[in-house]
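> If you scroll down you'll find the structure; I have some questions about it.
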Amino acid sequence: MEINVDYVMDPADLWAERFRNKGINKEHDPEAGISMSSRPMDKAENPDKQMESPTDPSKKEQLGEKEVGVVLPMISGSGDSPGDKGGNDGDPDPPPAEKFEISDPPHPDRRDSSDLNLPPREHWDNRFQFLLSAIGYAVDLSNVWRFPFLCYKNGGGAFLIPYFTTLIFGAMPIFFMEMCLGQFHRNGPVAVWEKMSPMFKGIGMASCFMAYIVAFYYNIIIGWSFFYLFSSFTSKLPWTSCFNDFNSENCWQITWDINATVSEDNSSLVDDVMSSDLTGLMSSQLLSTQPPSTRPANRTYDVKTSISSTMEFFERGMLELNKSSGLEDLGEVRWQLALCTFLTFTVLYFCLWKGVKSTGKVVYVTATLPYVIMTILLVRGVLLPGAEEGIRYFITPKIESLRNPKVWIDAAVQIFFSVGSGFGTHIAYASYNKFHNNCKRDCIITVIVNSFTSLFSGFVIFSYLGYMSLKTHKHIKDVATEGPGLVFIVYPEAIATLPGSVGWSVIFFFMLLALGLDSAFGGLESPLTGLRDELSCLLKYRYFRECLTLVIISSAFIFSLPCLTQGGMYVFTILDTFAAGTSIVFVVLCEVVAVSWFYGMPQFCADVEKMTGESPSMFWRVCWKFICPLLLTVVVISSIASYQPLTYETSQGKYKYPYYANVVGWGVACSSMLLVPGYVIYKLIRTRGSCRQRLALGISPQWEHEDIERTGHVKRFQRTHWMSL
């Protein structure tokens, strides 16, 4: 029997309900040969949820959005016209009519691009929400605190050569691949492998697990931003003074002249102030109000012992790191930081609890606000004395540095981490797209915006570093740093010397909050979507998503508490080094190999063509199959070979981690990496049949399992599969 249907939803959803191996469901229609996704409802039971005819023009849009009714298999190639580019939001016409043959129902175990008996999947309200979410996740704090320093350290403008080379031939193709996987199969980072290559499901599990671990410490940085933001709402920034309770006798205010001695005489202090700006006057007024016992007697700047007031605020005022001797003495939980971090997780919960429906609205603010603030900061920065010299250090090319292999490794590591591949977030986000969304366009736009942001933030940061270099009479290399030290020590110090420093501080830390929250959304969406797909049987409960989000976020906050102790910075450093270092690059390597070699280029490119209307060019195919695996292998090997035992630099000296801390760190890294080979072994053991059949079923898509069991023919055992592009 043939049926002409005027409108078809997604070609990926060829069968919306799997057939059971042990007997057909009672609701199965034996005459039509199709299984309904749920029991047909009586009119009296639920008159609002009756199925509408897919041929009714008045119901097409509603049907496409809610995906109810009968979804029928499409005959391959029956409606692919050369000019059809898919059903993007801007396309005026729906997909063409198709003919379907439904007299021969599929085998119970045969599935193709349909989901694994999942209920209808929600969508982004529009494609801009997805694009902003992808940009917000890719553009994070590393664009501000890591890229500018790496660019300066590795040859200035010359660093852009290896940076863009690895971006074009490595990071961007992987980014595009992950978007295609999620959008075509419409599953999260775990369930997508169950369809493609069941044996590699451990890759998705490792991605979700790493994203979950990263939430333990990444969200603490957002908590620090809240702490600094709240501390900024004062008449005088607290990190500009050496007369707080937590300051030591070695503290040196940023407004004092390093070439003079600060005495107890107030008039002497005013003469010794580096400049007569507003902040300097405020410092002298503060000293005049201090009792004699709290004023410095005769304090002279010493390069070896003097510590800036901004450093002491970070280490002693916020972290209280001075009260901990190391990992063996973590001390008490800092309740102020715990409250700020709790606020962070609370914000994350209410932005994630409704899925993409809530996240998609928040990103309108969080993804765009940083650019407004960075523009304001840049305009102010370039007007400062010394800014030109700082920018010159940032962009001046040193071509000879390109002969150093470490420069290329740093560029590769930075761009892979900056794009955010391997955490499963891109797969999770793309799984909520419309099937015909142009994901290649979104991929290219995202990487362009990400790279632009890195360069733009470099100009912002180095304009202020040049100003600080002139202000403190230090070389730029002694001022520039990376990581938390840049945004919580150096930059606040520069801001504190400006007129209206309180306002500039509030603006800057608002920017950090927006950058951090966007990435935190994506990081937690990966395990949330992964568990949602695995626990799909619970989706019938009304508040399942809200409860799942609460469990994930609450547990992440509890596991973050060791990082909130007085010695929590030592724990933070272990997680930051190992949780997503070598392990994330290893998982991305496994992902690329599994898709391009086991799933196969012909199959993957056919999937992309069904979505976008065009097959990937030879550039993408060569990158996926050869260049990306080779590049990632080099990065994995170099990261292991260049490993150095953990240390942490404090104002009191260098803390060398005990040997067991390094073992624990590698244990954290291996806990995610071992999920990949571990699940391969598990799957081979659990699958029935001979060794050859087990391997064949493990590496083949589920919709090929029937043919493998019936005929023994395995496409992935043929030479043409491995050699084809």
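> Hey, can you tell me all the residues within region 133-146 that are in a helix (DSSP H, G or I) and crowded, with 24+ Cβ neighbours inside 10 Å?
To start, the set of residues in region 133-146 that are in a helix (DSSP H, G or I) comprises 133-138, 142-145.
Matches in region 133-146: S133, A134, G136, Y137, A138, N143, V144, W145.
> If you don't mind, there's one more thing I want to ask. Looking at I168, I174, I161 in this structure, which one is of a type in the set (V, I, T), under 28 Å from V365 (Cα atoms) and modelled with pLDDT of 65 or more?
I174
> Spot the failing condition for H473; the list is (1) on the phi < 0 side of the Ramachandran plot; (2) touching a residue at least 60 places away in the same chain (Cβ under 8 Å), and only one is missed.
Against the list (1) on the phi < 0 side of the Ramachandran plot; (2) touching a residue at least 60 places away in the same chain (Cβ under 8 Å), H473 comes up short only on (1).
> Within region 127-146, how many residues turn out to be at pLDDT 90 or above and not β-branched (V, I, T)?
Here the count works out to 10.
> Which residue is nearest to V487 (Cα to Cα), if the candidates are limited to region 233-248 and must be part of a loop (DSSP other than H, G, I, E, B) and among the hydrophobic types (A, V, I, L, M, F, W, C)?
In the first step, residues of region 233-248 are kept if they are part of a loop (DSSP other than H, G, I, E, B); the result is 233-237, 241-248.
Applying the additional criterion that residues be among the hydrophobic types (A, V, I, L, M, F, W, C) yields 233, 237, 242-243, 246.
Values: F233: 18, L237: 15, C242: 20, F243: 23, F246: 21 Å.
Among them, the one singled out is L237.
> Let me ask something else about it. L330 is checked against (1) surrounded by 15 or more Cβ atoms within 10 Å (Cβ to Cβ); (2) in contact with a helix residue (DSSP H, G or I) (Cβ under 6 Å, 6 or more places away or on another chain) and fails just one. What number does that condition carry?
Tallying (1) surrounded by 15 or more Cβ atoms within 10 Å (Cβ to Cβ); (2) in contact with a helix residue (DSSP H, G or I) (Cβ under 6 Å, 6 or more places away or on another chain), L330 fails exactly one: (2).
> In addition: Only one of these conditions is not met by F488: (1) touching a residue at least 40 places away in the same chain (Cβ under 8 Å); (2) assigned to a helix (DSSP H, G or I); (3) out of contact with any Phe, Trp or Tyr (no Cβ under 7 Å at 6 or more places or on another chain). Which number is it?
Condition (3) is where F488 drops out.
> Quick check on region 691-725: of everything there that is under 34 Å from the mean Cα position of the chain (by Cα) and of a type in the set (S, T, N, Q), which residue is surrounded by the fewest Cβ atoms within 10 Å (Cβ to Cβ)?
The selected residue is S724.
> What is the number of the single condition among (1) of a type outside the set (D, E); (2) out of contact with any strand residue (DSSP E or B) (no Cβ under 9 Å at 6 or more places or on another chain); (3) farther than 26 Å from F559 by Cβ that F226 does not meet?
Going through (1) of a type outside the set (D, E); (2) out of contact with any strand residue (DSSP E or B) (no Cβ under 9 Å at 6 or more places or on another chain); (3) farther than 26 Å from F559 by Cβ one by one, F226 breaks only (3).
> Quick check on region 366-376. Is at least one of its residues of a type in the set (S, T, Y) and either closer than 30 Å to M196 by Cα or out of contact with any helix residue (DSSP H, G or I) (no Cβ under 9 Å at 6 or more places or on another chain) (or both)?
Scanning region 366-376 turns up no residue that is of a type in the set (S, T, Y) and either closer than 30 Å to M196 by Cα or out of contact with any helix residue (DSSP H, G or I) (no Cβ under 9 Å at 6 or more places or on another chain) (or both).
> While we're looking at this one, here's another question. Within region 339-354, is even one residue over 23 Å from S526 (Cα atoms) and assigned to a helix (DSSP H, G or I)?
Yes, some residue in region 339-354 is over 23 Å from S526 (Cα atoms) and assigned to a helix (DSSP H, G or I).
> What's the number of the condition G678 fails, among (1) out of contact with any Gly (no Cβ under 8 Å at 6 or more places or on another chain); (2) modelled with pLDDT of 95 or more?
(1)
> Separate question: Pick from T396, T368, T310: which is within 27 Å of the chain's Cα centre (by Cα) and polar (S, T, N, Q)?
On inspection, the qualifying residue turns out to be T368.
> How many residues are in contact (Cβ under 8 Å) with a residue 12 or more places away in the chain, over 21 Å from V192 (Cβ atoms) and not polar (S, T, N, Q) if we restrict to region 693-711?
1
> Checking the structure you have, find out if any residue of region 479-487 is modelled with pLDDT of 85 or more and under 30 Å from G317 (Cβ atoms). Full working, then the answer.
Step one: of region 479-487, the residues modelled with pLDDT of 85 or more are 487.
Filter once more, keeping what is under 30 Å from G317 (Cβ atoms): 487.
Among the residues of region 479-487, at least one is modelled with pLDDT of 85 or more and under 30 Å from G317 (Cβ atoms), which makes the answer yes.
> Follow-up. Just name the residue that is surrounded by the most Cβ atoms within 10 Å (Cβ to Cβ) out of those in region 178-191 that are within 19 Å of the chain's Cα centre (by Cα) and within 18 Å of V608 (Cβ to Cβ).
Per the stated criteria, the residue is E178.
> Checking F416 against (1) out of contact with any Leu (no Cβ under 7 Å at 6 or more places or on another chain); (2) modelled with pLDDT of 90 or more; (3) surrounded by 19 or more Cβ atoms within 10 Å (Cβ to Cβ): exactly one of these is not met. Which one?
Status for F416: all satisfied but (2).
> A further question on this structure: Output the residue which, of all residues in region 592-621 that are in a helix (DSSP H, G or I) and out of contact with any helix residue (DSSP H, G or I) (no Cβ under 9 Å at 6 or more places or on another chain), is farthest from K434 (Cα to Cα).
M618
The values are calculated or read from the model by the stated rules, or taken from the named source; none is laboratory data. This one's a predicted model, so the numbers in the text were calculated from it and none came from an experiment. We place every Cβ from the backbone using ideal geometry, glycine too, and count neighbours over all the protein chains shown.
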